[in-house]
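Notes follow the structure.
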Amino acid sequence: MRLLPLPGVFRPPSDARMLADYVARERLAVDARVLDICTGSGFLAIAAALAGAGEVAAVDISRRAVVAVQLNAAVNGVKVQALRGDLFSPVAGRRFDLILSNPPYLPGDVSELPRRGLPRAWEGGRTGREFIERIAAHAAEHLSERGQLLLVYSTVCGEAKTLELLRAGGLIPSVVLRRRGSLGPRLAARADWLRAEGLLLDGDEEEILIVRAERARVSAPAREAVASSVD
């Protein structure tokens with residue numbers, strides 16, 4: 001894949017490439033509808049299109065990111081619908097077979113999220129879960145009957161808590177891939193704070209996780225019970 005180095009647009013980090021490799025191995029259905037949330041350069045959206053998805057939409061709050069998606073999709077000869085907006089707002093009422101996201105998830109000693117500039121691509125608030133919480137709360141509304149969410153994040157923002165948030169959002173999550181290693185430059189720069197907060201693994205390391213989550217399905221007896229209570 002070829003990506004144009006556009007000013008002000010965050011280039012895909014290694015965790016996004018990890019997720020793209022996973023998607024490529026999944027072999028998407030030719031008619032799969034895919035949504036990439038917090039798309040940045042459009043890397044994951046383009047990867048899905050190259051993997052054979054029938055329809056791909058990519059969303060980002062940054063105007064420059066939307067332009068980057070359009071240009072990078074054209075360079076790679078694929079069609080991606082680039083939409084500007086806050087997470088799911090531009091795709092209200094739409095459902096997808098696969099939702100991908102490499103959201104900003106770096107925790108830090110901050111009082112509020114940045115409103116402009118490159119830091120928007122990685123700052124996830126004090127817990128690192130500002131965006132993850134919102135994705136977990138609304139993803140099920142945008143998944144088809146057999147649809148899945150693939151989310152990549154780090155243990156520095158809480159593995160167990162993120163799985164709990166996904167379950168609370170009506171999803172059944174499972175960790176499908178792990179990669180342990182040393183901290184990247186941005187996390188390393190705040191290692192003292194992360195250590196003090198108890199967010200690092202032994203040896204000042206982290207694990208990058210890919211979580212697959214599908215919609216929780218209501219069993220037939222449960223549906224009948226609900227119907228009876230309504231009657």
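The values are calculated or read from the model by the stated rules, or taken from the named source; none is laboratory data. Remember, it's a predicted structure, so these values are computed and weren't measured experimentally. Virtual Cβ from ideal backbone geometry, glycine too; neighbours counted across all protein chains shown.
Annotations
- Verdict on E197 being among the charged types (D, E, K, R), surrounded by fewer than 17 Cβ atoms within 10 Å (Cβ to Cβ) and in contact with a Pro (Cβ under 9 Å, 6 or more places away or on another chain): yes
- Per-region count, segment 139-156, residues assigned to a helix (DSSP H, G or I) and small (G, A, S): 2
- Applying the condition of being polar (S, T, N, Q) and surrounded by 20 or more Cβ atoms within 10 Å (Cβ to Cβ) to segment 1-50 and asking which residue is nearest to E145 (Cα to Cα) yields T39.
- Pick from segment 14-66, criterion among the basic types (K, R) and over 17 Å from the mean Cα position of the chain (by Cα), ranking: farthest from A92 (Cα to Cα): R25
- Selection count where residues are touching a strand residue (DSSP E or B) at 6+ places or on another chain (Cβ under 8 Å), small (G, A, S) and assigned to a loop (DSSP other than H, G, I, E, B), scope segment 42-82: 4
- Out of L143, L166, sole residue that is buried (at least 18 other Cβ atoms within 10 Å of the Cβ), within 28 Å of A57 (Cβ to Cβ), in contact with a Lys or Arg (Cβ under 7 Å, 6 or more places away or on another chain) and modelled with pLDDT of 95 or more: L143
- Subset of segment 138-167 (residues that are within 12 Å of A213 (Cα to Cα) and either among the small types (G, A, S) or touching a His at 6+ places or on another chain (Cβ under 7 Å) (or both)): A139, A140, G147
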